[in-house]
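The values are calculated or read from the model by the stated rules, or taken from the named source; none is laboratory data. Since the structure is predicted, the reported quantities are computational estimates derived from the model, not experimental observations. All Cβ positions, glycine included, derive from the backbone under ideal geometry; neighbour counts span all protein chains shown. Side chains included, ligands, DNA and RNA excluded: accessible areas come from the protein's heavy atoms. Shrake-Rupley method; radii C 1.70, N 1.55, O 1.52, S 1.80 Å.
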Amino acid sequence: MMRPQVRPWRGVAEGAGFFFMHRSSHDYHYLTQRWRALARGAGLRLVLIATVDGFPVYCLKSPALGHGGGLYLSAGIHGDESASTEGLLAWAQRSQAQLRHLPVLVFPCLNPWGLVMNRRSDAGGNDVNRLFHSDQHPTVAAVRETAGPHTFDSAMLLHEDYDAQGVYLYELSKRASVGESILSAAGAVLPKDPRPRVDGRRARDGILRPRLSLSRFAEIGHPEALWLHLRGCARSITFETPSEASLEKRVEAHAVAVARMVELLPWSVS
Ligand SMILES: [Zn+2]
């Protein structure tokens, strides 16, 4: 089939038949185009924070984000979890009018190479979500520098899981739990994961509140959620959708989960 001339990194995704069905959710150029249009409409700017594995990595920072109490959102750190990037965008599109007024820092896609290649890792085979304990990885270094001047009350990190049987989340909280409320919102789109154990940890109604073992994380490396928790973020939610469900529902579940998180923020005005 004849294809239009596009940037080479876009062609990678398009050239592989495997991606064809959900081509647009793995099309980083298209994702970026939509974020840029959204940012323009909201009076914001998509800012380049790094170029990694040949791809630009961006953030969106609201002028309302000060030095306390912000919301941190990220998606696509695992590239084979494309409902996370689409869901974050869907939430942002619906919230366009409020974005300037929300103290929010958004990372639309932290592993563009992985998204295009439909891989969990980056081009070097690294799980970027195990590298937040240092500045060695360029994406992590850029994220840490961008987030540096700000403190966050809440964070939501969007993921997907091939083994999941429904939506579930990990909650690291120094305050009253918000997990139930987020899952009940997302549970209207996809069922909650009924498993009593997830990833070797005890789960209750789709909620995992892992006990932090820093010695274990010293071995496996720090995930983004732990880094945020350790730098004082009062609530850090890692939200997961089941990769085997339809893309449309997974995207909606992410969008609804983020929307509920925003409603629950201490400074939220509805
Ligand atoms: Zn993931």
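Quick look at the numbers
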{"item": "Test: residue in the range 142-152 that is of a type in the set (A, V, I, L, M, F, W, C), farther than 27 Å from A64 by Cβ and within 16 Å of the ligand (Cβ to nearest atom)", "result": "no"}
{"item": "Pick from the range 202-240, criterion modelled with pLDDT under 90 and within 27 Å of V262 (Cβ to Cβ), ranking: surrounded by the most Cβ atoms within 10 Å (Cβ to Cβ)", "result": "P210"}
{"item": "Q93 vs. criteria away from the ligand (no atom under 15 Å from the Cβ), touching a helix residue (DSSP H, G or I) at 6+ places or on another chain (Cβ under 9 Å), open to solvent by 10 Å² or more (accessible area, probe 1.4 Å) and without any contact (Cβ under 8 Å) to a residue 12 or more places away in the chain", "result": "no"}
{"item": "Residue satisfying condition, being out of contact with any Cys (no Cβ under 8 Å at 6 or more places or on another chain), over 23 Å from L214 (Cβ atoms) and assigned to a loop (DSSP other than H, G, I, E, B), within set H150, H133", "result": "H150"}
{"item": "Residue match in the range 241-252 (condition: without any contact (Cβ under 8 Å) to a residue 40 or more places away in the chain, under 29 Å from N126 (Cβ atoms), open to solvent by 40 Å² or more (accessible area, probe 1.4 Å) and within 16 Å of the ligand (Cβ to nearest atom))", "result": "no"}
{"item": "Sole residue being at positive phi, surrounded by 22 or more Cβ atoms within 10 Å (Cβ to Cβ) and modelled with pLDDT of 95 or more, chosen from G87, G114, G76", "result": "G76"}
{"item": "Condition met for R175 (under 19 Å from P210 (Cα atoms), of a type in the set (D, E, K, R), away from the ligand (no atom under 16 Å from the Cβ) and more than 17 Å from the chain's Cα centre (by Cα))", "result": "yes"}
{"item": "Filter result (in contact (Cβ under 8 Å) with a residue 60 or more places away in the chain, within 16 Å of the ligand (Cβ to nearest atom) and not hydrophobic (A, V, I, L, M, F, W, C)) within the range 102-136", "result": "P108, P112, N118, D122, D127, N129, R130"}
{"item": "Filter pass, Y162 being within 15 Å of the ligand (Cβ to nearest atom) and farther than 22 Å from L212 by Cβ", "result": "yes"}
{"item": "Any strands (runs of 3 or more DSSP E) falling wholly within the range 20-88 and containing at least 1 residues that are away from the ligand (no atom under 16 Å from the Cβ) and basic (K, R)", "result": "55-61"}
{"item": "Residue check, V189 open to solvent by 20 Å² or more (accessible area, probe 1.4 Å) and touching a helix residue (DSSP H, G or I) at 6+ places or on another chain (Cβ under 6 Å)", "result": "yes"}
{"item": "Condition check for V269: of a type in the set (V, I, T) and at pLDDT 95 or above", "result": "no"}
{"item": "Residue within the range 207-216 that is within 16 Å of the ligand (Cβ to nearest atom) and in contact with a Leu (Cβ under 6 Å, 6 or more places away or on another chain) present", "result": "no"}
{"item": "Close pairs from the range 31-56: first β-branched (V, I, T), partner open to solvent by 50 Å² or more (accessible area, probe 1.4 Å) and not in a loop (DSSP other than H, G, I, E, B), Cβ under 6 Å, at least 6 apart", "result": "V52/P138"}
